[in-house]
Amino acid sequence: MHLLIFDIDGTLATFAGITRVAFNQTFEHLFGQPGPWGQVLPHGKTDRAILRECLDVVQINGNFDAMFSKFVDNYLRDLQQALQTASKPRLMPGVRELLERLATNNTACLALGTGNVEEAARMKLRHLNVESFFPVGGFGEFTDERSELLADAVDNAARHFQCTFPPKNTWVIGDTTYDIEGAQALGLRALAVATGGLFSSDDLRRAKPDLLFEDLSDTEHVIKSLNLSD
């Protein structure tokens with residue numbers, strides 16, 4: 001069996017800045033100043049890590065776990081409101097077709113590996129009608145480190161699917177060098193896709209993924225490259 005661990009933002013879908021708008025709205029409401037986005041790049045990072053960096057930049061100290069818990073409660077409300085009024089979120093090219101093919105493939109199991117907290121991840125995927133493809137995953141409320149959430153995704157998938165996935169058959173699919181590095185730290189394989197906007201194909205290639213695609217629009221080629229059989 002193969003395990004395919006998908007990132008969300010920039011890989012499965014784009015939310016056209018809605019995530020940042022909601023995050024900043026929550027940050028300003030709770031801490032009285034805008035999020036320092038010019039000094040903190042969120043791409044490929046967990047929600048915990050992003051909030052920690054923002055607080056460090058604006059020099060707000062205190063019990064981080066308590067602040068993070070309160071932040072998440074408010075952020076989920078703001079994100080839901082932002083999604084309800086948004087017209088621009090969309091799946092990346094080929095994603096729906098690929099997910100539909102993988103869902104009928106008897107050698108592939110799907111999971112999420114995303115820096116989003118779980119409810120935010122599921123909220124986003126529900127908005128685009130693809131949540132049902134991902135019964136399990138690793139998420140950003142538990143760790144600052146990409147490799148740790150990917151390890152959670154592997155463990156949770158093994159329990160859910162009642163299957164042990166060899167590293168050579170476990171793929172991390174993402175749009176940043178953080179996804180590649182996280183996979184490599186665990187001995188997993190990495191498929192990089194240059195749809196996120198921040199990292200070019202050349203940037204991703206330098207991180208040495210096992211596979212690199214401009215996008216996921218060629219369903220047959222992607223499935224063949226992953227050594228999946230129908």
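The values are calculated or read from the model by the stated rules, or taken from the named source; none is laboratory data. The model shown is predicted, which means the values in this text are computed figures rather than measured ones. When we count neighbours, we look across all protein chains shown, and the Cβ atoms used for this are built from the backbone with ideal geometry, even at glycine.
From the list A153, A192, A157, the lone residue that is at negative phi, assigned by TED's automatic domain parsing to the domain that holds L102 and in contact with a Pro (Cβ under 6 Å, 6 or more places away or on another chain) is A192.
In the stretch 23-49, the qualifying residues are those that are within 19 Å of Q81 (Cβ to Cβ) and crowded, with 23+ Cβ neighbours inside 10 Å, and the one that is modelled with the lowest pLDDT is G35.
Highlighted here are the helices (runs of 4 or more DSSP H) found entirely within the stretch 1-106 that include at least 2 residues which are among the hydroxyl-bearing types (S, T, Y) and within 23 Å of D144 (Cβ to Cβ): 18-31, 64-84. If only residues of the stretch 186-222 that are touching a Leu at 6+ places or on another chain (Cβ under 8 Å) and either assigned to a helix (DSSP H, G or I) or hydroxyl-bearing (S, T, Y) (or both) are counted, the one that is farthest from E145 (Cα to Cα) is T219.
For the structure I just gave you, tell me whether L110 is crowded, with 20+ Cβ neighbours inside 10 Å, in the same structural domain as R146 (by TED's automatic domain parsing) and at pLDDT 95 or above.
Considered against the rule, which asks whether it is crowded, with 20+ Cβ neighbours inside 10 Å, in the same structural domain as R146 (by TED's automatic domain parsing) and at pLDDT 95 or above, L110 comes out as yes.
Filtered by the rule that a residue be among the polar types (S, T, N, Q) and either more than 11 Å from I8 (Cα to Cα) or surrounded by fewer than 21 Cβ atoms within 10 Å (Cβ to Cβ) (or both), the stretch 114-144 gives N129, S132, T143.
Pick from L216, L228: which is in contact (Cβ under 8 Å) with a residue 60 or more places away in the chain, under 18 Å from the mean Cα position of the chain (by Cα) and within 16 Å of L110 (Cβ to Cβ)?
Criteria check complete, one pass: L216.
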